[in-house]
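Reviewing the structure listed below.
Values quoted throughout were computed directly from the atomic coordinates according to the rules given, and no laboratory measurement underlies them. In this text, all values refer to a predicted model and were calculated from it rather than measured experimentally. All Cβ positions, glycine included, derive from the backbone under ideal geometry; neighbour counts span all protein chains shown.
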Ligand code: DX5
Ligand code: ZN
């Protein structure tokens, strides 16, 4: 995975104009659209669910990268598998049989991602690495946009990249939280190839310039 994938997070968009905002991201060069689903339980915020994702799916063709910050991804999985998601990322800390959930996602023909919170040691995801399409070491405590990038998490990115190399695996490494041109360069150097950006993309006056700078920094 050598080319950087830039994934603007809809959380930072103007929700009164969702379809226009998605078009703005696409026209600005976004590769993926990152969709943060929050249940008010796994994280201290509530966002949107599968109906919103379905509506976005029906309005365009961009790759939909769905990040489930919910306590019971297993319970809601059938609904998220049916809404047009291309990738579904679940948290290792949630209350579910992680291996089983990942297998169910792949069985449905959707790419499977696994996320870990800043407080969770990298070792917790080790047994799952041969069975995922993407690893997401969070670079903020999830729940809200606009927080500062935690550079300490780059040790997890580096460990994941090393494990991937040693074991001949091929999963993407994504970072999410506090990504801008400066931190994008740090994360990419550590081995991340998918860069999620909320505030620094949708919050920019010139989103195209913002995306280009994260791609090239
Ligand atoms: C955090 C979410 C992020 C968030 C990132 O809970 O998972 O995707 O939208 O926002 P920024 O880029 O503003 O840190
Ligand atoms: Zn996210």
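Screening residue 44 on (1) within 17 Å of the chain's Cα centre (by Cα); (2) within 16 Å of ligand 2 (Cβ to nearest atom) shows it passes everything except condition (1).
Any idea which residue in the stretch 55-70 is farthest from ligand 2 (Cβ to nearest atom), counting only those that are surrounded by 17 or more Cβ atoms within 10 Å (Cβ to Cβ) and outside any loop (DSSP other than H, G, I, E, B)?
We begin by selecting, within the stretch 55-70, every residue surrounded by 17 or more Cβ atoms within 10 Å (Cβ to Cβ); these are 56-57, 62, 64-70.
Next, only the ones that are outside any loop (DSSP other than H, G, I, E, B) stay: 56-57, 64-69.
Details: 56: 15, 57: 18, 64: 13, 65: 8, 66: 9, 67: 4, 68: 9, 69: 7 Å.
Ranking the candidates gives 57 first.
Taking the criterion of being closer than 19 Å to residue 7 by Cβ and in contact (Cβ under 8 Å) with a residue 60 or more places away in the chain, would at least one residue in the stretch 96-113 satisfy it? There is at least one residue in the stretch 96-113 that is closer than 19 Å to residue 7 by Cβ and in contact (Cβ under 8 Å) with a residue 60 or more places away in the chain. Checked against (1) free of Cβ contacts under 8 Å to residues at least 40 places away in the same chain; (2) part of a loop (DSSP other than H, G, I, E, B), residue 2 meets all criteria but (1). Checking each residue in the stretch 161-177 for being within 16 Å of ligand 2 (Cβ to nearest atom) and either assigned to a loop (DSSP other than H, G, I, E, B) or out of contact with any helix residue (DSSP H, G or I) (no Cβ under 8 Å at 6 or more places or on another chain) (or both) picks out 172, 174, 176, 177.
Residues in the stretch 23-39 that are more than 13 Å from ligand 2 (Cβ to nearest atom), free of Cβ contacts under 8 Å to residues at least 60 places away in the same chain and crowded, with 24+ Cβ neighbours inside 10 Å: there are none. Residue 73 meets the conditions (1) more than 12 Å from ligand 2 (Cβ to nearest atom); (2) surrounded by fewer than 21 Cβ atoms within 10 Å (Cβ to Cβ) in every case but one. The failed one is (2). When the residues of the stretch 94-115 are filtered to those that are part of a strand (DSSP E or B) and touching a helix residue (DSSP H, G or I) at 6+ places or on another chain (Cβ under 6 Å), the one that is farthest from residue 177 (Cα to Cα) is 112. For the stretch 178-199, the set of residues classified as under 12 Å from residue 7 (Cβ atoms) and near ligand 1 (Cβ under 9 Å from one of its atoms) consists of 179, 196, 197, 198, listed by residue number.
Annotation: of all residues in the stretch 134-148 being at negative phi and either without any contact (Cβ under 8 Å) to a residue 12 or more places away in the chain or out of contact with any strand residue (DSSP E or B) (no Cβ under 8 Å at 6 or more places or on another chain) (or both), the one that is farthest from ligand 2 (Cβ to nearest atom) is 148. Considering only residues that are in a loop (DSSP other than H, G, I, E, B) and farther than 20 Å from residue 67 by Cβ, which ones fall in the stretch 188-217? Passing the criteria: 204, 205, 206, 217. Might you let me know whether the stretch 110-125 holds any residue that is within 15 Å of ligand 1 (Cβ to nearest atom) and exposed (fewer than 15 other Cβ atoms within 10 Å of the Cβ)? So far as the stretch 110-125 goes, yes, one or more of its residues are within 15 Å of ligand 1 (Cβ to nearest atom) and exposed (fewer than 15 other Cβ atoms within 10 Å of the Cβ).
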